[in-house]
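What follows is a single structure, written as structure tokens, with notes after it.
Read-outs: derived from the displayed coordinates by stated rules, not from any lab. Computed from a prediction, not measured in an experiment: that's the story for all the values here. Virtual Cβ from ideal backbone geometry, glycine too; neighbours counted across all protein chains shown.
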Amino acid sequence: MSYVGPDFDPPQPRRSRRRPLTVAVAALVPGALLGWLVYETVGGSGGGSEEAVGTPTSSSSAPASPTTASTSAPDDEKPSPVPTPKTSAPAVSGPLKGKVVVIDPGHNPNNFQHTAEINKKVNIGTGWKECDTTGTSTNSGYAEAEFTLDVAHRLRTLLEKQGATVKLTQDGDRTFGPCIDERASIGNKADADAVVSIHADGAGAGQRGFHVILPGSVHSGSADTRPIVASSAELGERIAGSFVRVTGSAPSNYVGDGTGLVTRKDLGGLNLSTVPKVFIECGNMRDSKDAAQLTSGAWRQKAAQGISEGIVSFLRG
Ligand SMILES: [Zn+2]
């Protein structure tokens, strides 16, 4: 709740705080040289302990971090390169070279101004559904559509570093949407090796945690998910596993029976996909504890990292 400025991500020099300070102290107080040497030996330069803090692998400290971290260590300074919505060229090499990943940032910040358009129904094979929705928001007004774009940008940066070619279904650059059928077709036309649709939920207070949504087996009208059910499940399981590990968040306590996995047949974005695809609801925006995480830039970086590691694991087999 102290995160009143969700977009406050001041660019900070990365990993440069400790060493200059250490050197300055050593120069001014020669008598402290021995202590400085001990300090450097223990963890000042070679141990990489700072990196370990930034890439948590232990889940034990994570649950308490949103409240405790805000007082002493502003976590918004940790996500080093704050991604900007630029379209950078794909890396020429890397383990994911030749792989195509489509990221689908759920909703669109402009949908609120185009309710008539997004309320028009589109066919999802099993029936008709609204073109798109506005999405939810935290109680303090941080919109899900802003969240999804931010995580998408961070995720794109991480995947491109691995050599993947990354495409977004929207980048806040459209007047509304795209509609859910077009979101699916963008992944299909790209012949994507993996597609992830990013969301945050709007459930009740006290309902917490993330869940990954897998396509159920649907064969109706233009929808036929049978060829992608198994591969999508594998993609989703890998993302769920790495999301737990990297973010320390628990699987949803209100759907999925504690597995963090839910199968659905009513989502057009999944029904119409012909390539492996999952949704992830990263948390519940309407729960204050989840919201404190979702509005933290440092946490969103962890979320992107967790999703990225799941995708990388899936694509590398
Ligand atoms: Zn959503």
Pair Thr263, Thr175: separation of 7 Å Cα→Cβ label points (nm)
4.1
Take every DSSP beta bridge with both residues inside the stretch 89-219 and express the antiparallel ones as a percent of the total, to the nearest 5.
30
State the extension gain, in nm to one decimal, for the chain segment bounded by Ala230 and Lys120, taking 0.36 nm per residue of separation less the distance between their alpha-carbons.
36.4 nm
Bins of 5 Å from zero: percent of alpha-carbon pairs in the stretch 114-154:
6, 20, 17, 19, 18, 14, 5, 0
Between Lys97 and Ser288, with labels modelled 7 Å along Cα→Cβ, what's the label distance in nm to one decimal, could you check?
5.2
So, R0 is 51 Å and r is the distance between the beta-carbons of Ser222 and Asn139; what FRET efficiency does that work out to, to 0.05?
0.85
Burial order of peptide ranges 242-252, 213-223, 103-113, 199-209 (average beta-carbon count within 10 Å, highest first):
103-113, 242-252, 199-209, 213-223
In nm, the gap between the two label points placed 7 Å beyond Cα toward Cβ at Asn253 and Glu130 is 2.9
